[in-house]
Amino acid sequence: MNNTLKTTVDRKRPPPVKVLSGQLRTAVSRPADSGEGYVIRPGRGRSLQVSLVWMQGTVLEVQLDRNTLLLMDETGTFAVQGVNNIPKGKPCLSQGKYVMVMGVIQAVSPEPVIRAVKMADLSALTALHRRMWKLEVEDLQQVLA
């Protein structure tokens, strides 16, 4: 890939932002002239533009025929589409697993929906990941907003 093309692609896709499903549920669309994505309000008048997100949660439901998972974090549920197409994603496709999903926001209301780009099974250290997740989200959002 030549450097010009690589730079253009990099600019179009910012790094993923760690978010909670409740934050996406209250997100608003960015104005049409400012590109794709949504704006979340991490608190105290701050705002943060997001399109690629990193989320974590427990698998509640697996619908392989619909290529979809339903996950739950501490603020609610969210759907993940495209799960059958993720390399090494099969270990994540079981009810009760605690997983990380990186993906592109497809919808925010009434329930957040993201199209998966990457998935990882975090079940080996579920208790640690669950305890740390909200703190990781808050920390990153304070740095970015």
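For this structure, a couple of remarks:
- Taking Lys and Arg as +1 and Asp and Glu as -1, the other residues whose beta-carbon sits under 14 Å from that of residue 79 total 0.
- Helix-only [θ]222 nm of the chain, DSSP H runs n ≥ 4, -39500 (n - 2.57) each, per residue, nearest 500: -7000 deg cm²/dmol
- Treating r as the C-beta distance of residue 145 and residue 28 and R0 as 22 Å, the FRET efficiency rounds to 0.90.
- Counting every alpha-carbon pair across the chain, the share separated by more than 18 Å comes to 56%.
- For a label point 7 Å along the Cα-to-beta-carbon line of residue 74, residues of segment 94-138 with backbone N under 18 Å: 98-101, 122-123, 125-138
- Alpha-carbon Rg/Rh ratio, for segment 76-117, with Rh computed the Kirkwood way: 0.96
- The Cα atoms of segment 86-140 give a gyration tensor whose axes a ≥ b ≥ c have a/c of 1.5 or more with a/b no greater than b/c, which makes the shape oblate.
- Nonpolar atom fraction for segment 14-114, defined as the carbon and sulfur part of the 1.4 Å probe accessible area, stands at 52 percent.
- Counting charges near residue 133 (Lys, Arg +1; Asp, Glu -1) among other residues having Cβ under 12 Å from its Cβ returns a value of -1.
- Dipole size of the chain about its Cα centre, with +1 on Lys/Arg Cβ and -1 on Asp/Glu Cβ: approximately 280 debye, rounded to the nearest 20.
- Diffusion constant of segment 48-99 at 4 °C, which comes from Stokes-Einstein with the Kirkwood Cα-pair radius and 1.567 mPa s, µm²/s: 113
- Solvent exposure of segment 44-145 as accessible area per residue, Å², 1.4 Å probe: 54
The values are calculated or read from the model by the stated rules, or taken from the named source; none is laboratory data. Values in this document were obtained by computation on a predicted structure and should not be read as measured data. Positions of Cβ are generated from backbone atoms using ideal geometry, with glycine treated the same way; all protein chains shown enter the neighbour counts. For accessibility, only protein heavy atoms count, side chains too; no ligands or nucleic acids. Shrake-Rupley method; radii C 1.70, N 1.55, O 1.52, S 1.80 Å.
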